[in-house]
Amino acid sequence: MKNFNETLEQYARLCVEVGINLQKGQPLVINAPVEGAEFVRLVAKHAYEIGAKQVHVNWNDEALTKMKYENAPMEVFENFPKWYANGLEEFAEDGAGFLSIYSEDPELLKEIDSKKIAAHNKSSSMALKGFMKYTMNDINSWCVVSIPTKGWAKKVFPDVTEEEAMEKLWEAIFKATRMDLEDPVKAWEDHLKNLEAKVKFLNEKKFEKLYYKSCNGTDLEVQLPEGHIWAGGGGKNSKGVFFVANMPTEEVFTMPLKTGVNGVVHSTKPLNYGGNLIDNFKLTFKDGKVVDFEAEKGYEILKDLFALDEGAQHLGEVALVPYNSPISQSNTIFLNTLFDENASCHFALGKAYPTNLKGGENMTDEELEKAGVNDSLTHVDFMVGSKDLNIVGETKDGEKVQIFENGNWAF
């Protein structure tokens, strides 16, 4: 039986060797909370053992972040620092891998002026647009993982002490990432092969439309563009190196046709967006665009999201995740998109991944737009899966195939 330190060491190695799949001579850039310093040092150690050129860490501290929002004037949030964006682009040009440790308190900015949050989201997205091409197009290897932080752990497990909440969240993360198994790397290899089989089936079928229905009122038709590609598990960067962008990952995904979404969809899990929660919301689409929306919680935050740009009102991703996935079966709402999206079928508002279209990674913005690919400064996943969700795919010649039945794969 592995002890905690041994498991933590293996988790750090998994991030480097499977997530990023770091190569000798390659730089590694890590975005991390200051609470995770010990884990980051383990990641850096393994990276240097492999032969990393350098490990650069961008630290963030939630207490300072909140202090900034409470005290800094609006102009600070309207002007994202160019030096930061330029630095990331320089690392990307040098072939760096990018590891993001996403562990924020889901209600950190609950009492903050939503206009400041919206201003920051817009200015940062605009400033980082050049850098995002390196990850959205899989030019560079990138990976998102999580570790517990005190603020996040207490939100997930509010009825226990802070120490117990941290222990329970570590346990949940280790289980979701298969770190509780004797050979996590082998477990990941087997899991990725299973996802690959689903991807192969969907790509062979070349569905033209997907129909979503569930008892909560979801009734949605999603058209897929010609030449769309399903992906899942992992992918290859521009140098042909395989990497896994999300750990955990249970999804297979593609892009919708920007103008081809019609009907109503209901959320099934809270959405953590910009330090706030949006919950129990309903979106109505017509010709691909959100034409009406409701939300029991976070209505103004959702409204600001849609106001970010025209593309934020359209979908950029369609992702399939079985209801019986390990994360879903844990019955834990993580209030963290990395985990909750891998417990539930989901969509994403905003920018589509060009790699989900044949030849898309080499197309210009104009060519992508002509092909029906959504573009935006944002990409926000939200969960729609339920135990009674049914999804039917329709091919160009009219053949209908049950893809999901009662929340799970039908094949």
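Overview of values
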{"quantity": "From the options V40, V29, V18, residue that is over 19 Å from N140 (Cβ atoms) and either in contact with a Gly (Cβ under 6 Å, 6 or more places away or on another chain) or in contact (Cβ under 8 Å) with a residue 40 or more places away in the chain (or both)", "calculated": "V40"}
{"quantity": "Which listed residue is surrounded by 14 or more Cβ atoms within 10 Å (Cβ to Cβ), touching a Cys at 6+ places or on another chain (Cβ under 8 Å) and at pLDDT 95 or above, from V392, V321", "calculated": "V321"}
{"quantity": "Residues that are in contact with a Gly (Cβ under 7 Å, 6 or more places away or on another chain), within 22 Å of L109 (Cα to Cα), surrounded by fewer than 22 Cβ atoms within 10 Å (Cβ to Cβ) and among the aliphatic types (A, V, I, L, M), drawn from region 263-297", "calculated": "L277"}
{"quantity": "Matching strands (runs of 3 or more DSSP E) fully within region 11-101 where at least 3 residues are in contact with a Pro (Cβ under 8 Å, 6 or more places away or on another chain) and within 25 Å of N121 (Cβ to Cβ)", "calculated": "55-60"}
{"quantity": "Region 388-408 residues that are within 17 Å of P256 (Cβ to Cβ), paired with ones that are among the basic types (K, R) and loosely packed, with under 13 Cβ neighbours inside 10 Å (beta carbon under 9 Å, 6 or more apart)", "calculated": "V392/K400; G393/K400; E394/K400"}
{"quantity": "Test: residue in region 180-195 that is among the β-branched types (V, I, T) and part of a helix (DSSP H, G or I)", "calculated": "yes"}
{"quantity": "In region 235-255, residue nearest to I101 (Cα to Cα) [restricted to those that are touching a residue at least 40 places away in the same chain (Cβ under 8 Å) and small (G, A, S)]", "calculated": "A245"}
{"quantity": "Selection from region 102-129 of residues that are touching a residue at least 12 places away in the same chain (Cβ under 8 Å) and in a loop (DSSP other than H, G, I, E, B)", "calculated": "Y102, S103, E104, D105, P106, E107, L108, L109, K110, I112, D113, L128"}
{"quantity": "Test for V384: is it touching a strand residue (DSSP E or B) at 6+ places or on another chain (Cβ under 9 Å), of a type in the set (V, I, T) and within 17 Å of G274 (Cβ to Cβ)", "calculated": "no"}
{"quantity": "Residue in region 353-370 that is over 22 Å from L192 (Cα atoms), in contact with a Gly (Cβ under 7 Å, 6 or more places away or on another chain) and modelled with pLDDT of 95 or more present", "calculated": "yes"}
{"quantity": "Scan of region 259-282 for residues that are on the phi > 0 side of the Ramachandran plot and not in a strand (DSSP E or B), ordered by number", "calculated": "G274, G275"}
{"quantity": "Residues (surrounded by fewer than 21 Cβ atoms within 10 Å (Cβ to Cβ), part of a helix (DSSP H, G or I) and touching a residue at least 12 places away in the same chain (Cβ under 8 Å)) located in region 324-362", "calculated": "P326, T355, E361"}
{"quantity": "Residues of region 139-164 satisfying the condition of being assigned to a helix (DSSP H, G or I), among the hydrophobic types (A, V, I, L, M, F, W, C) and touching an Asp or Glu at 6+ places or on another chain (Cβ under 9 Å)", "calculated": "W152, A153"}
{"quantity": "Among residues of region 43-68, those that are in contact with a Lys or Arg (Cβ under 7 Å, 6 or more places away or on another chain) and either without any contact (Cβ under 8 Å) to a residue 24 or more places away in the chain or of a type in the set (G, A, S) (or both), counted", "calculated": "1"}
{"quantity": "Among residues of region 298-318, those that are in a loop (DSSP other than H, G, I, E, B) and surrounded by fewer than 22 Cβ atoms within 10 Å (Cβ to Cβ), counted", "calculated": "3"}
{"quantity": "Those residues of region 43-102 which are touching an Asp or Glu at 6+ places or on another chain (Cβ under 9 Å) and more than 20 Å from A32 (Cα to Cα), in sequence order", "calculated": "I50, E70, M74"}
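Residue-by-condition table, conditions (1) assigned to a loop (DSSP other than H, G, I, E, B); (2) in the same structural domain as M132 (by TED's automatic domain parsing); (3) more than 29 Å from S214 (Cα to Cα):
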residue: L368; (1), (2), (3): no, no, yes
residue: G372; (1), (2), (3): yes, no, no
residue: L377; (1), (2), (3): yes, no, yes
residue: G385; (1), (2), (3): yes, no, no
residue: D388; (1), (2), (3): yes, no, no
residue: I391; (1), (2), (3): no, no, no
residue: D397; (1), (2), (3): yes, no, no
residue: Q402; (1), (2), (3): no, no, no
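The values are calculated or read from the model by the stated rules, or taken from the named source; none is laboratory data. No experiment lies behind these values; they were computed from the predicted model shown. Positions of Cβ are generated from backbone atoms using ideal geometry, with glycine treated the same way; all protein chains shown enter the neighbour counts.
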